[in-house]
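The structure under discussion appears below in the form of structure tokens.
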Amino acid sequence: MKTFSYIYSNKFIILITTCIIINSHAYGQEQKIVRDLGLWTEIILSKEVLKDVDLSLSNHLRFNRDISSFDDYILELELEYKINKRFAIGTSGRYISNRHYDETVEDDYRYDLFFKYDTKITEKIKLFYRLQYQKKFYDSSVFNKYLNYFETVYRNRVKIEWKEFNNHGLYASAEIFRMLKKSRDPYFNKYRIFAGDAISIGNNELNVAVGYEHGLKENNPLNLFILKTEWQLKL
Amino acid sequence: MKLNIKIFVLAIFTLTVSCYRETVVFDSEPDAGLKLSSVIRINGKDAFLDSKLNMMRFSVSSDSLNNFSAFTTYNEKSEVWFEEKELFNNQVNAFGKIEVGIPYTLKVKYEGVISEFDFVFTNLPIVQIITDTKIWDEPKSLGRIVIAEPDKTAYWSSYAGIEYRGQSSRYLDKKSIGFRLWQNTSDRDVYSESLLGFKRNSDWILNSAAVDLSGIRNLVSFIIWSNMDTIESGGEAKHPGVNLKIAELFINNRCQGFYIFSEYVNQQLLSAAPEDVLYKAIDWADGATKFENYDPDISSNCIWNGWEQIIPDCDNLLRWENLNNLYEIVVNSDDTTFKQKISRYIDIENFIDYFLFVNLTFAGDNTGKNIFLYRKNNSGLFQIIPWDLDATWGRSFDGSTQNHEGILTNSLYHRLFETNPDNFITQLKLRWTDLRKTHFTESDIREQFAYHFQELQKSGVINVENRNWGNNMNLQSEQVYIGTWLAKRLTYLDSYFNTLE
């Protein structure tokens, strides 16, 4: 338990210190958000609809501007098939009511294809890998043959989970996003890291985490600190 | 339980110590629609920012310089001063008497901090390419083209596919750029528009003029080529060619100096019918484009004997038979056949004018390469359209000086001289004599150069050009060089044509 507290204490220090110390300031006409704290909440209803096939429906609410302002609403449907103990594939589709910092709201649509792999490194430590292909259509352009504005992202995520305590799965994950846009060079556009605890509560799971997301290939990237809570209810 | 308490404390703490931070940057990056934030907008047109030189440039009409007043908008959280005079947001402000090419001081105050810029008015149109990716030779990269013209009260903007172009200039630091207008982000939705007052087209060129120490040789050459046609021939154009204008180019928030904005030779420019053909000489091909020889095996692709088929689209239909017929008569026929039949293949008036033009300009790079052969189906005659006239007026393709003596020709012209069909030589001499009284006078040519040198000089963009590319362009000395070379060249050519028999 001592180790457990120590980990979280350090996260406190890192996050809070970063929030206080980073104070870069430039001057000009374009106002750009370079740092923020967001809250991502998610509730997932999942059910095994066939043998080794899970169907889940999730609702996401996200807040930004130091958790004072509503950011995005997401509705997602996901289907996952466990090929065997280690491998799984799946697909999902999501609708996003995407509220930008300038208060404009657009409807985005996204579909994903993913491949998952996990293996035990030791009795208590497990390694997860996910390769995800996602295609996102902006501003309802999935229905607009003239605009046709979309982005494709390849995501690579590695996660390590440590099952030291009863009902607690401490984990750390890192994910890098490679962006492909039409008629442009592909590039790594951001990375995202999380540290959290997946707490089993009966048949359900509460996942709490702190995260950090950093934009790449920009002069003044957004540094987003994330508090995340996720309820997964198995039906 | 301890965990939950910690998270709760964390949440409360971070709410009380704000993490949220805005910063404000001048060197903004393209947004999802490939637009950049504007620092200041004057009469509906943005001032273009060079973030490295801390300079803004604004295209302005010469008739508004004496008492310049303009509706000005900028970020509502800022305050702005022009030469210590406050500019009021969303209002008409009197800037007073202004001059182009002179750096004025523009101050922007935001949250108590003042940033200072050189603000330069320019008489030239400004073209900006906004892109969030690299530009390649091929394929075209997505970008946005923004154009602000001096006498327009709004800017024009469009998505475009952008690429580097030019066989030799692509290896230089300052590269020529081509762009095709796209209605959206899809390369399938190409459309046409009239830009800078030129004929509607989908494709346009920004010529770097990188090896031309004057920057305007190509421009002035085409003006003379065009003038030869308009005044003398009348009716249907004997001289298809392109129109060009000097423009300043920005790529995102960096001024690239000046470029020559040019029309692009294609079906739209020529109003070509589906049966017409257009070939572009892209290579010397061991003398094939100079009609010294040719490979008689007709190509099954877009390239043959150094020529590229432009019209019709070679991906859909190959039409080499017209060029093959021309080769056969020029390269293989005996003198009698050549003399009898050549006028059925080429537009003799056009070929005479091109010979005079290429020798006036001493365009050594244009006797085989850098020309188009255009054949209208209704006339059935080939015309020459010149291209890429940077290596002219006493400078070679690498910028080195050229002697004023020598006659430029090729094997097709050799045969015209030798066989003299339709009194070719007499026509040539008469045409030279006529042109020396009109568009080939020393004063007329000097005036053309002087006007464009002055336009370029007064904009002040030459300073940016030299700083940006490490050049040492000196327009005054180049103008003197061209003038001196021109006088000698005309004397030489007068002597040549007078003694021609």
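The values are calculated or read from the model by the stated rules, or taken from the named source; none is laboratory data. Computed from a predicted structure; not experimentally measured. Ideal geometry is used to build each Cβ from the backbone, glycine not excepted, and the neighbour counts take in all protein chains shown. The area values use the complete protein model at the heavy-atom level, side chains included, leaving out ligands, DNA and RNA. Shrake-Rupley method; radii C 1.70, N 1.55, O 1.52, S 1.80 Å.
Centre-to-centre separation between the Cα atoms of region A:122-141 and those of region B:413-485: 63 Å. Distant-in-sequence amide contacts of A:Lys32, defined by a placed amide H-H separation under 5 Å and a gap of 5 or more residues or a different chain, comprise B:Thr23, B:Val24, B:Val25.
For region B:412-421, backbone phi angles converted through the Karplus equation (6.51, -1.76, 1.60; θ = phi - 60°) give residue-by-residue couplings of 5, 5, 3, 5, 5, 5, 5, 9, 6, x Hz, Gly and Pro being listed as x. Comparing B:Ser192, B:Thr153, B:Ser168 along the charge dipole axis of region B:123-222, the residue lying farthest to the positive side is B:Ser168, per the Cβ-charge model. For the cross-link pairs A:Lys182/A:Lys217; B:Lys175/B:Lys245; B:Lys280/B:Lys341, the ones whose C-alpha atoms lie over 22 Å apart are B:Lys280/B:Lys341.
Counting only heavy atoms of the protein chains and using a 1.4 Å probe, A:Tyr212 has close to 50 Å² of accessible surface.
Dipole size in debye (nearest 20) for region A:48-234 around its Cα centre, Lys and Arg Cβ +1, Asp and Glu Cβ -1?
Here the size comes out at about 780 debye.
Amide H to amide H, with H built 1.01 Å from N, B:Met473 comes under 5 Å of no residue 5 or more places away or on another chain.
Express as a percent, rounded to the nearest 5, the fraction of DSSP beta bridges in the protein assembly as shown (both residues included) that run antiparallel.
Working: 205 of 228 bridges.
Roughly 90 percent of the beta bridges in the protein assembly as shown run antiparallel, per DSSP.
What does the structure give for A:31-40 when I average, per residue, the other chain Cβ atoms found within 10 Å of the residue Cβ?
On the way: counts 9, 8, 4, 6, 6, 5, 7, 2, 2, 0.
Mean number of neighbouring Cβ atoms from other chains: 5.
Taken one residue at a time, the phi angles of region A:80-90 give Karplus couplings (6.51, -1.76, 1.60, θ = phi - 60°) of 10, 10, 8, 5, 7, 4, 10, 10, 8, 10, x Hz. Gly and Pro are set to x. Per-residue surface analysis assigns B:Leu213 an accessible area of about 70 Å², computed on protein heavy atoms at 1.4 Å probe radius.
When the helix-only estimate is applied to chain A (DSSP H runs of n ≥ 4, each -39,500 (n - 2.57), divided by the residue count), what is the mean residue ellipticity at 222 nm, nearest 500 deg cm²/dmol?
On the way: 1 runs with 20 residues, N = 235.
That comes out to -3000 deg cm²/dmol.
Here region B:407-423 is scanned for amide nitrogen atoms under 14 Å from the site 7 Å beyond the Cα of B:Thr336 along Cα-to-Cβ, giving none. Annotation: amide H of B:Gln402 within the under-5 Å range of B:Arg395, B:Ser396, sequence separation 5 or more or interchain, hydrogens built in the peptide plane.
Across the protein chains, with a 1.4 Å probe defining accessible surface, the residues B:Trp320, B:Trp284, B:Trp136 rank B:Trp136, B:Trp284, B:Trp320 from largest area downward. Taking the Cα atoms of region B:172-213, the ratio Rg/Rh between the radius of gyration and the Kirkwood radius comes to 1.09.
Where the only charges are on Cβ atoms (+1 Lys, Arg; -1 Asp, Glu), what is the dipole of the protein assembly as shown about its Cα centre, to the nearest 20 debye? If you can, show how the numbers build up before the last one.
Working: 84 positive and 97 negative charges, 591 e Å.
Result for the protein assembly as shown is approximately 2840 debye, rounded to the nearest 20.
Given region B:268-498, what percent of its DSSP beta bridges are antiparallel, to the nearest 5? Walk me through the numbers on the way to the answer.
Values: 16 of 17 bridges.
Close to 95 percent.
How large is Rg/Rh for chain B, to two decimals, with Cα atoms and a Kirkwood Rh? Mind showing how you got there, number by number?
On the way: Rg = 27.2 Å, Rh = 25.4 Å.
Rounded to two decimals, Rg over Rh is 1.07.
Tell me the mean residue ellipticity at 222 nm calculated for chain B from its helices only (DSSP H runs of n ≥ 4, each -39500 (n - 2.57), averaged over every residue, nearest 500). List each step's numbers first, then the result.
Details: 11 runs with 137 residues, N = 501.
The helix-only estimate for chain B comes to -8500 deg cm²/dmol at 222 nm.
Our compactness index for region A:48-234, the C-alpha radius of gyration over the empirical 2.2 N^0.38 Å, is 1.09. Projecting label points 7 angstrom from Cα along Cα→Cβ for B:Leu430 and B:Phe88 puts them 7.0 nm apart.
For B:Ser64 and A:Asp185, FRET efficiency with R0 = 35 Å and r from the beta-carbon atoms, rounded to 0.05?
Plugging the Cβ-Cβ distance into 1/(1 + (r/R0)^6) gives 0.25.
Quick check: the distance between the Cα centres of region B:315-359 and region A:143-200, to the nearest angstrom? Value for the Cα centre distance between the two parts: 64 Å.
For region A:94-99, the Karplus equation 6.51 cos²θ - 1.76 cosθ + 1.60, evaluated at θ = phi - 60°, returns couplings of 9, 9, 10, 8, 9, 9 Hz by residue, with Gly and Pro reported as x.
Taking 18 Å as the straight-line reach from the Cα of B:Lys97, the lysines in range (excluding those fewer than 8 positions away in the same chain) are B:Lys85, B:Lys458. What is the distance in Å between the Cα centres of region B:297-313 and region A:39-77? Comparing the Cα centres of region B:297-313 and region A:39-77, I get a distance of 58 Å. Bridgeable aspartates and glutamates around B:Lys437 (alpha carbons under 13 Å apart, same-chain partners fewer than 8 residues away excluded): B:Glu232, B:Asp494.
Taking a straight Cα-Cα cut-off under 16 Å and skipping sequence neighbours fewer than 8 places away in the same chain, the aspartates and glutamates within cross-link reach of A:Lys51 are A:Glu78, A:Glu80.
From the Cα trace of the protein assembly as shown, what convex hull volume per residue do you get, rounded to a whole Å³? If you can, show how the numbers build up before the last one.
Values: hull volume 144.1 nm³, N = 736.
So the per-residue Cα hull volume is 196 Å³.
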